[in-house]
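Trainee: Sending over a structure as C-alpha cells; questions will come in a sec.
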Amino acid sequence: MAPPELEVFDVVIFGASGFTGKYVIREALKFLSPSSPLRSLAVAGRSRDRVAAALRWAAAPAPPPDDVEILVADASDPASLAALASRARIVLSCAGPFRLHGHAVAAACAAAGADCLDISGEPEFMERVEAELHEPAAKSGSLIVSACGFDSVPAELGFLFHSRQWEPPSAPVTVEAYVSLQSTKRIVGNIGTYESAVLGVANAGQLQALRRSRPKRPRPNILGPPPPKGLLIEGHNPLGMWAMKLPSADTVVVKRTLSTVTEHPEGLPGAEETPEYAEHRKKFWSSVKPAHFGVKIASRSLMIIVRFLITGLFIGLLANFSFGRSLLLKYPEFFSAGMFSRAGPTEEEVKSASFKMWFVGHGYSDATRASERGSKPDKEVITKVSGPEVGYITTPIVLVQCALVLLSQRGNLPKGGVYTPGVVFGPTDLQRRLQENGMSFDVQVTRAMH
C-alpha cells in the first residue's frame, strides 16, 4: 500500500523558535482562518520542544491551535530541509545570520519548487543566492525573495512611493533616506542584525570577489551625477536632525531593483497574470523614476548618532580578526554602547518603539533642463514611511503580508527566480496592506528650491 500523502501547508515558518521567529508566528496566527488565503500553517526548527514553546508564547493567552503542525528541520541537515520544502507552498525563512543558515533553506525551496521569503539584510548572502539559485529557481517555479522585513521593504516601497510623486516633466536625481528609531524607553536592537553586521564586515572581501565574478548589471539612466561624499556626521539637512551615512542593505537592494527595471522597463510579467494586472504593472513601472539612493541614520540626539558611530568603529576594527570577532559576538552590549544585547528587548521595550524613514529627493522640475550647462536641481520632495518597532513588529508584519500577497495573487507574479522585494511586490497591493496593518506612507513636502 502506498504511504499516505503528507499535507502541504500554505506557509511553513522556519527558525520559528528564534527571537524574530516567535513574533512571526504571532503575526501569522492573526491571519490563519478557513476564509483567509492562509488556511494552513506549520512551524519548524531544530528542537521540537523549543518550537512548541514558541508556538505557545505566540498564541497566548489562547491555547495553541491544534491544526498548526510542528516540523523538525535543521539548516545543517539537507534531507530535513528537502522534506520541509516538499510540504510548503511558501517557506518563511527566519533563521539568521543568513550567511550561516539561509542558503541551504533557499536551495531546498529552489529544488522543491516552493516559494521562499526571508528577512535577511545581508548583501553577500542575497547576491550569492541570486548568483547560484536564480537558474534552478526559475526552472522549478520557485520564487525566492530576500529582505522581506524592515530590511528592505520600507526602503523599497518607500523609494517607489517617493519616485512616483515626481510628476512629469519633473524627475529626481538623488533620494536620501533618513532612518530614525524612536522609543519612549531604551532602544534595543535585534541581536541577529548585530551578528550579521559583524560577519558582513569580516567577509566583505568575499562580497567584492563575488561582484567581480558576476556580469556587470545595467545602470539606470539618472539625470545627474551622484551626490558628493560629504561629512561622516551631518548637522544640516532639510529635517534639522543629526545624521550619519549607514552602510545599509537597503541601498544595495534598491539599486538591484532599479537595475532589474532598467533591464525590464515594464517589470516582470506574471506566470499567469490577468490582462488587468499586466496593464497596471506596465503603468506602475512607467511612473517610477530612478535616482541615486543612499541611507543615513538620523536622530535629534547627537549622542545616539555617536553610539552608532562607536559600534561601527568597534566592528570595523575587530571583525577582521577571529579573536576580535569572538569578543564582539560575546559582549554585544559593551561594544554597541548598550544598543544590542543577547537577552533582546522586553515586551514593553518592543511596544514602546517605532520608526520613521524620510525620503528627501532633489531633482529638476523640468527634466529637459538637466542637460543644460550649469543647471542645478531646483525641486525638493520629502516623503515619509513610519511604523512600529522595526525588528519584532514591523518585520513580521511585512513578512506575513508578503506571504499573503503570494498566496492570493501568485499568478500575477513571476513564475520563479531570485528577485528583490521591489521587483516582485512593487506593483501589487502590498503598500495598501501595510497601511492597513500599522504603517503609513505620506507626502510631507513638495517645493521649489532656489
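The values are calculated or read from the model by the stated rules, or taken from the named source; none is laboratory data. Every value quoted in this text rests on a predicted model; they were computed, and no experiment measured them. All Cβ positions, even for glycine, are placed from backbone atoms using ideal geometry, and neighbour counts span all protein chains on display. Heads up: the accessible areas ignore ligands, DNA and RNA and are worked out on the full protein's heavy atoms, side chains in. Shrake-Rupley method; radii C 1.70, N 1.55, O 1.52, S 1.80 Å.
Trainee: Hey, among the residues in segment 168-203 that are touching a Pro at 6+ places or on another chain (Cβ under 8 Å) and closer than 22 Å to residue 342 by Cα, which one's modelled with the lowest pLDDT?
Mentor: 188
Trainee: Next question. Would you confirm whether or not segment 31-51 contains a residue that is assigned to a helix (DSSP H, G or I), touching a helix residue (DSSP H, G or I) at 6+ places or on another chain (Cβ under 7 Å) and open to solvent by less than 20 Å² (accessible area, probe 1.4 Å)?
Mentor: For segment 31-51, residues assigned to a helix (DSSP H, G or I), touching a helix residue (DSSP H, G or I) at 6+ places or on another chain (Cβ under 7 Å) and open to solvent by less than 20 Å² (accessible area, probe 1.4 Å): absent.
Trainee: For residue 426, only one of the following conditions fails: (1) modelled with pLDDT of 95 or more; (2) over 30 Å from residue 314 (Cα atoms); (3) open to solvent by 30 Å² or more (accessible area, probe 1.4 Å). What is its number?
Mentor: The number of the failed condition is (3).
Trainee: Tell me, which residue of segment 323-369 that is basic (Lys, Arg) and modelled with pLDDT under 95 is farthest from residue 168 (Cα to Cα)?
Mentor: Here the answer is 330.
Trainee: Within segment 240-264, can you find the residues that are more than 29 Å from residue 128 (Cα to Cα) and either crowded, with 18+ Cβ neighbours inside 10 Å or of a type in the set (S, T, N, Q) (or both)?
Mentor: Across segment 240-264, the qualifying residues are 241, 242, 243.
Trainee: Mind checking which residues of segment 304-348 are under 11 Å from residue 199 (Cα atoms), loosely packed, with under 15 Cβ neighbours inside 10 Å and touching a residue at least 12 places away in the same chain (Cβ under 8 Å)?
Mentor: 316, 320
Trainee: Within segment 188-215, can you find the residues that are open to solvent by less than 60 Å² (accessible area, probe 1.4 Å) and more than 30 Å from residue 303 (Cβ to Cβ)?
Mentor: Matches in segment 188-215: 203, 205, 207, 209, 210.
Trainee: Any idea how many residues of segment 149-187 are farther than 14 Å from residue 358 by Cβ, touching a strand residue (DSSP E or B) at 6+ places or on another chain (Cβ under 7 Å), in a loop (DSSP other than H, G, I, E, B) and open to solvent by 10 Å² or more (accessible area, probe 1.4 Å)?
Mentor: 1
Trainee: Out of (1) among the polar types (S, T, N, Q); (2) touching a residue at least 40 places away in the same chain (Cβ under 8 Å); (3) open to solvent by less than 10 Å² (accessible area, probe 1.4 Å), what's the single condition that is false for residue 401?
Mentor: (2)
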